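Engineer: I'd like to ask you about the structure that follows.
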Amino acid sequence: MPQDRPLTILCVSSYEKGQEFIRTCKAMGCLVLLLTVEKFRKGDWPFECIDEVFTMPEELPLQSLIYAVSYAARSHSIDRIVALDEFDMENVSALREHLRIPGMGLTTVRYFRDKLAMRARAREAGILVPEFVHILNYDHLREFMSRVPNPWLLKPRSQASGIGMKKIHYPDQLWHWLDQLGDQQSFYLLEQFVPGSVFHVDSVVCERSVVFAEAHAYGTPPLDTSHQGGVFTTRTLPREAEETKALLETNRNLLEGLGSVRGVTHAEFLKSHADGKFYFIEVAARVGGAYISDVIETATGINLWREWARLEVGAGNQPYQLPPSHRDYAGVILSLARQEHPDTSAYTDPEITCRVTKYHHVGFILKSQSPERIQQLLDSYPTRFQADFVATHPVPDKPSS
């Protein structure tokens, strides 16, 4: 860190998240700037830790964003720029390259945002991926559909979760959707639908080495939850299980192959019902959503937002050391609720450590020394949630806040 002034870090986010990242940067002595969209100007930010707030319109063109940040740089010597939300990653990488600020550039960020790029690179690294084809050459599409059994998934290359995905059952259905997409077709890929169980591994990476990783199992696959509604769950896997070890090794090989240098990652894998093998689905250079970071902190004491901030602030200036952790087990159950403020007083299990208070949502964070107890609770709660609370909402075609 420069001796004559504090490190200046610009946090960019189109959503309200990353508050602990901001607090940690300020606690480490940084001057913290926040650039967010206008509607979150007075959002749930730790304003006592923010030195200046800038706002931007939603979907601001990149060129205008470069102008705005370059103008701010006239009066602030910006040392780091961080995208707190996944949907700001490409723009922040472009800003880094324009201002010549250290951090992930546009080429590397594609491996953590572009589903086509990450699949191709993972396959080159010897990691199994479902069969896929770029929506580009129609002869290649016809060959793919004649060779790979249906159904298939039509996926946007740069969205998160199940946003914009379509399940395709026969070729005419694909051609219909491609007509709808028009000139946007090349921003999609077609992938084999592989039935299986879905897992995620969340990591801390320091100088190309995975220094912390936790493996988890989703209940209902997230694609099904986002498209059909219902209850979302995930839980810490037993750490000595063979499938946990296999997931952690695959995740380590993936991040090495994609060129992750430092930061946090959230990677998803699928275990095929047909052959029992793990297939790579997608990866992001961010903290996992849906209270996953809370699950990890509950189980281990490691706060991924805090560790990400420490890595960003200390990069190239001070060695990073992961803080001590513990080895409990945790899980989360979460759903949209019919009620504005659901009454969960009937749920009294002592493993409930936190109750979600978000408007029209219901959920718990659970903690136990026993992974079997966490799984037992997460198996029993969804039926009760369906009767007591669950509401559904169609998955959007693009992200909304």
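Engineer: Determine whether Asp224 is at pLDDT 95 or above and open to solvent by 40 Å² or more (accessible area, probe 1.4 Å).
Structural biologist: Spelling it out, it is not the case that Asp224 is at pLDDT 95 or above and open to solvent by 40 Å² or more (accessible area, probe 1.4 Å).
Engineer: May I ask you to say which residue of Gly164, Gly105 is without any contact (Cβ under 8 Å) to a residue 24 or more places away in the chain and open to solvent by less than 20 Å² (accessible area, probe 1.4 Å)?
Structural biologist: Of the residues listed, the single one that is without any contact (Cβ under 8 Å) to a residue 24 or more places away in the chain and open to solvent by less than 20 Å² (accessible area, probe 1.4 Å) is Gly105.
Engineer: If you go through segment 39-70, how many residues are closer than 21 Å to Gly105 by Cα and out of contact with any helix residue (DSSP H, G or I) (no Cβ under 8 Å at 6 or more places or on another chain)?
Structural biologist: Residues flagged as closer than 21 Å to Gly105 by Cα and out of contact with any helix residue (DSSP H, G or I) (no Cβ under 8 Å at 6 or more places or on another chain) within segment 39-70 amount to 6.
Engineer: A further question follows. Restricting to segment 152-196, count the residues that are of a type in the set (Ser, Thr, Tyr) and modelled with pLDDT under 95.
Structural biologist: 2
Engineer: Taking Leu31 and the conditions (1) within 27 Å of Tyr320 (Cα to Cα); (2) in contact (Cβ under 8 Å) with a residue 60 or more places away in the chain; (3) buried (at least 18 other Cβ atoms within 10 Å of the Cβ), which numbered condition does it fall short on, given that it satisfies the others?
Structural biologist: (2)
Engineer: Within segment 50-74, count every residue that is assigned to a helix (DSSP H, G or I), surrounded by fewer than 18 Cβ atoms within 10 Å (Cβ to Cβ) and either more than 23 Å from the chain's Cα centre (by Cα) or β-branched (Val, Ile, Thr) (or both).
Structural biologist: 8
Engineer: Condition test on Phe144, is it among the aromatic types (Phe, Trp, Tyr), at pLDDT 95 or above, under 17 Å from the mean Cα position of the chain (by Cα) and not in a loop (DSSP other than H, G, I, E, B)?
Structural biologist: So Phe144 fails the test.
Engineer: Being open to solvent by 30 Å² or more (accessible area, probe 1.4 Å) and within 30 Å of Glu256 (Cβ to Cβ) is the filter here, so list the residues in segment 139-161 that pass it.
Structural biologist: Hits for segment 139-161 are His140, Arg157, Ser158, Gln159, Ser161.
Engineer: Considering only segment 195-211, how many residues are open to solvent by 20 Å² or more (accessible area, probe 1.4 Å) and in contact (Cβ under 8 Å) with a residue 24 or more places away in the chain?
Structural biologist: Summing the residues that are open to solvent by 20 Å² or more (accessible area, probe 1.4 Å) and in contact (Cβ under 8 Å) with a residue 24 or more places away in the chain in segment 195-211 gives 7.
Engineer: Checking the condition open to solvent by less than 20 Å² (accessible area, probe 1.4 Å), more than 25 Å from Ser197 (Cβ to Cβ) and not in a loop (DSSP other than H, G, I, E, B), which residue from Glu307, Glu312 passes?
Structural biologist: Being open to solvent by less than 20 Å² (accessible area, probe 1.4 Å), more than 25 Å from Ser197 (Cβ to Cβ) and not in a loop (DSSP other than H, G, I, E, B) holds for just one of Glu307, Glu312, which is Glu307.
Per-residue answers, yes or no, for (1) within 27 Å of Val283 (Cα to Cα); (2) at pLDDT 95 or above:
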| residue | (1), (2) |
| --- | --- |
| Asp4 | no, no |
| Ile9 | yes, yes |
| Ser14 | yes, no |
| Lys17 | yes, no |
| Arg41 | no, no |
| Glu52 | no, yes |
| Glu58 | yes, no |
| Glu86 | yes, no |
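Engineer: Could you list, in sequence order, the residues of segment 249-260 that are open to solvent by 50 Å² or more (accessible area, probe 1.4 Å) and touching a residue at least 12 places away in the same chain (Cβ under 8 Å)?
Structural biologist: Arg252, Asn253, Glu256
Engineer: When the residues of segment 347-368 are narrowed to those that are modelled with pLDDT of 95 or more and assigned to a loop (DSSP other than H, G, I, E, B), which ends up least open to solvent (accessible area, probe 1.4 Å)?
Structural biologist: For segment 347-368, the residue satisfying everything is Tyr347.
Engineer: Here's a follow-up. What is the residue count in segment 369-391 for residues that are outside any helix (DSSP H, G or I) and loosely packed, with under 13 Cβ neighbours inside 10 Å?
Structural biologist: We begin by selecting, within segment 369-391, every residue outside any helix (DSSP H, G or I); these are 369-370, 389-391.
Those still in the list that are loosely packed, with under 13 Cβ neighbours inside 10 Å too: 369-370.
Counting residues in segment 369-391 that are outside any helix (DSSP H, G or I) and loosely packed, with under 13 Cβ neighbours inside 10 Å gives 2.
Engineer: Out of Leu95, Leu116, Leu136, report the one residue that is of a type in the set (A, V, I, L, M, F, W, C) and either open to solvent by 40 Å² or more (accessible area, probe 1.4 Å) or at pLDDT below 95 (or both). Outline the logic, then answer.
Structural biologist: Details: Leu95 fails: either open to solvent by 40 Å² or more (accessible area, probe 1.4 Å) or at pLDDT below 95 (or both); Leu116 fails: either open to solvent by 40 Å² or more (accessible area, probe 1.4 Å) or at pLDDT below 95 (or both).
From the options Leu95, Leu116, Leu136, the qualifying one is Leu136.
Engineer: Would you call Ser293 within 15 Å of Ala213 (Cβ to Cβ), in contact with a helix residue (DSSP H, G or I) (Cβ under 6 Å, 6 or more places away or on another chain), of a type in the set (Ser, Thr, Tyr) and in a helix (DSSP H, G or I)?
Structural biologist: Yes.
The values are calculated or read from the model by the stated rules, or taken from the named source; none is laboratory data. Predicted model only: the values in this text are computed from it and were never measured. Ideal geometry is used to build each Cβ from the backbone, glycine not excepted, and the neighbour counts take in all protein chains shown. Quick note on the areas: whole protein, heavy atoms, side chains included, nothing else; ligands and nucleic acids left out. Shrake-Rupley method; radii C 1.70, N 1.55, O 1.52, S 1.80 Å.
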